[in-house]
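Asker: Could you have a look at this structure, given as structure tokens, before my questions?
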Amino acid sequence: MRVLLCGGAGFIGSHSAVEFLKAGYDVTVLDNFVNSSPEAIRRVEKITGRPVTMVEGDAADREAVAKVFADEDIFCVVHYAGLKAVGESVEQPVRYYRNNLDTTLTILECMQNAGVKNIVFSSSATVYGEANEPPYSETMPRGACTNPYGWTKSMIEQILEDAAKADPELSVILLRYFNPVGAHESGLIGEDPKGRPNNLMPLLAQTAVGLREKLTVYGGDWDTPDGTCRRDYIHVTDLAEGHVAAVNYLKDHRGTEIFNIGTGTPYSVLEMIRAYSEASGVDVPYEIGDRRAGDLQDVWSDATKAKELLGWEAKLGLAEMCRDSWNWQSHNPRGYEG
Ligand code: WQD
């Protein structure tokens with residue numbers, strides 16, 4: 001069986017490709033490399049010893065997507081093809097709505113024309129918004145998002161749910177990621193954001209390896225034990241295995257199913273800094289700064305539904321997340337560009 005990973009050369013997509021190949025799936029990747037590198041896929045083939053069909057193209061390009069479906073027998077689409085920088089989405093909202101919605105609508109139209117009935121979507125805990133309290137459960141309503149990036153995820157969930165209601169043969173899985181971090185244990189693939197990263201873990205990694213002078217902790221006066229925000233960090237390999245479990249599940253499933261993909265265990269920013277310092281052997285320099293606009297104090301998952309229905313749960317802990325992130329960063333200080 002073949003899966004089509006739209007945006008599959010990115011951080012989550014490349015790690016998912018490894019796990020799909022290990023699970024015996026054939027893999028086609030469609031990617032325009034706007035925030036990724038073809039080198040990642042070459043390394044996926046090195047890790048697994050199996051070939052990937054790599055197609056350079058934009059998931060919003062109807063001809064390119066239709067050609068993939070014409071050339072390959074696709075069982076399931078996994079849709080990662082979206083811009084994902086929260087801060088950038090605030091500065092460039094129209095670009096985010098255009099890109100993230102266009103890729104989705106084009107994929108769905110081409111799936112319909114090709115008779116492909118299975119899709120897994122890379123969604124985000126951000127859709128819970130501010131109205132819900134952690135631990136977040138899939139039964140909670142989507143809330144008001146605090147940025148255009150989050151709104152695109154929320155809108156795409158709605159689009160997919162409506163598409164599934166209109167086509168009883170369509171199977172839709174929405175995977176709500178919490179905070180993906182770390183890297184494949186080989187250190188050959190990892191997180192390689194273009195430009196200044198937004199997320200904590202790549203900034204921690206770049207500070208530890210000396211690319212940045214120090215880390216700024218966004219607020220030390222939150223109502224938490226150590227005054228810093230708490231998040232549900234999940235190892236990207238656990239997250240990737242969750243995608244394989246989701247595709248295995250949808251073979252006998254129709255309609256829409258939502259799953260949190262998290263560990264259910266929150267860690268604070270200061271706990272992350274301590275864990276990273278231990279893993280890297282570097283006393284990571286940091287300062288306590290002002291809060292970041294839009295940040296929530298606490299975000300973590302109730303991950304029981306994925307365990308019950310998918311038979312999946314996260315297995316790797318904070319030490320492995322930091323160890324594998326450091327292994328990737330220290331061996332690839334400038335990412336895939338060497
Ligand atoms: C984590 C914590 C910051 C940087 C976002 C998106 C989510 C998903 C992951 C894409 C927060 C603190 C961070 C820094 C800091 N998107 N921090 N100093 O905001 O939880 O989630 O990224 O995959 O949809 O919303 O992740 O890594 O930006 O921040 O103190 O220099 O680290 O305040 O508490 P976030 P993050």
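The values are calculated or read from the model by the stated rules, or taken from the named source; none is laboratory data. Treat the numbers as computed from the prediction; the structure is a model and nothing was measured. As a convention, Cβ positions derive from the backbone with ideal geometry for all residues, glycine included, and neighbour counts pool all protein chains shown. Remember, those area values only see protein heavy atoms, side chains included, never the ligands or the DNA or RNA. Shrake-Rupley method; radii C 1.70, N 1.55, O 1.52, S 1.80 Å.
One line per residue, one yes/no per condition, for (1) open to solvent by less than 40 Å² (accessible area, probe 1.4 Å); (2) within 14 Å of the ligand (Cβ to nearest atom); (3) free of Cβ contacts under 8 Å to residues at least 24 places away in the same chain; (4) among the hydrophobic types (A, V, I, L, M, F, W, C):
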position: Tyr267; (1), (2), (3), (4): no, yes, no, no
position: Met272; (1), (2), (3), (4): yes, yes, no, yes
position: Val284; (1), (2), (3), (4): yes, yes, no, yes
position: Asp298; (1), (2), (3), (4): yes, yes, no, no
position: Leu309; (1), (2), (3), (4): no, no, no, yes
position: Glu337; (1), (2), (3), (4): no, no, no, no
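Asker: Restricting attention to the range 171-188, and to residues there that are open to solvent by 10 Å² or more (accessible area, probe 1.4 Å) and away from the ligand (no atom under 14 Å from the Cβ), which single residue is farthest from Asp238 (Cα to Cα)?
Answerer: Checked the range 171-188; the qualifying residue farthest from Asp238 (Cα to Cα) is Leu188.
Asker: Continuing with this model, one more query. Between a first residue in the range 189-200 that is under 15 Å from Val236 (Cα atoms) and a second residue that is within 8 Å of the ligand (Cβ to nearest atom) and of a type in the set (S, T, N, Q), which pairs have beta carbons less than 9 Å apart while being 6 or more apart in sequence or on different chains?
Answerer: Final answer for the pair search is Glu191/Asn199; Pro193/Asn199; Asn199/Asn179; Leu200/Asn179.
Asker: Just to be sure I understand, how many residues within the range 73-87 are open to solvent by 40 Å² or more (accessible area, probe 1.4 Å) and farther than 15 Å from Cys145 by Cβ?
Answerer: Residues flagged as open to solvent by 40 Å² or more (accessible area, probe 1.4 Å) and farther than 15 Å from Cys145 by Cβ within the range 73-87 amount to 2.
Asker: Six or more apart or on different chains, Cβ under 7 Å: which pairs go from a residue in the range 6-31 that's without any contact (Cβ under 8 Å) to a residue 40 or more places away in the chain and more than 16 Å from the ligand (Cβ to nearest atom) to one that's of a type in the set (Phe, Trp, Tyr) and open to solvent by less than 10 Å² (accessible area, probe 1.4 Å)? Could you list them?
Answerer: Val27/Phe20
Condition check ((1) more than 10 Å from the ligand (Cβ to nearest atom); (2) farther than 25 Å from Asp290 by Cα; (3) touching a helix residue (DSSP H, G or I) at 6+ places or on another chain (Cβ under 8 Å)) across all residues:
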site	(1), (2), (3)
Gly190	yes, yes, yes
Asn199	no, no, no
Ala205	yes, no, yes
Gly210	yes, no, no
Trp222	no, no, no
Asp226	yes, no, yes
Asp232	no, no, yes
Thr237	yes, yes, yes
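Asker: Let me ask something else. Residue by residue through the range 320-335, note down the ones that are open to solvent by 70 Å² or more (accessible area, probe 1.4 Å) and either closer than 22 Å to Tyr267 by Cβ or within 18 Å of the chain's Cα centre (by Cα) (or both).
Answerer: Passing the criteria: only Arg323.
Asker: Taking Asn35 and the conditions (1) touching a helix residue (DSSP H, G or I) at 6+ places or on another chain (Cβ under 7 Å); (2) buried (at least 17 other Cβ atoms within 10 Å of the Cβ); (3) outside any helix (DSSP H, G or I), which numbered condition does it fall short on, given that it satisfies the others?
Answerer: Checking Asn35 against (1) touching a helix residue (DSSP H, G or I) at 6+ places or on another chain (Cβ under 7 Å); (2) buried (at least 17 other Cβ atoms within 10 Å of the Cβ); (3) outside any helix (DSSP H, G or I), the one that fails is (1).
Asker: With the condition kept exactly as written, say whether any residue in the range 240-250 is over 23 Å from the mean Cα position of the chain (by Cα) and among the acidic types (Asp, Glu).
Answerer: No, the conditions are met nowhere in the range 240-250.
Asker: Next question, about the same structure. Test of understanding: among Ala131, Ala114, Ala144, which residue is at negative phi, touching an Asp or Glu at 6+ places or on another chain (Cβ under 7 Å) and open to solvent by 30 Å² or more (accessible area, probe 1.4 Å)?
Answerer: Ala144
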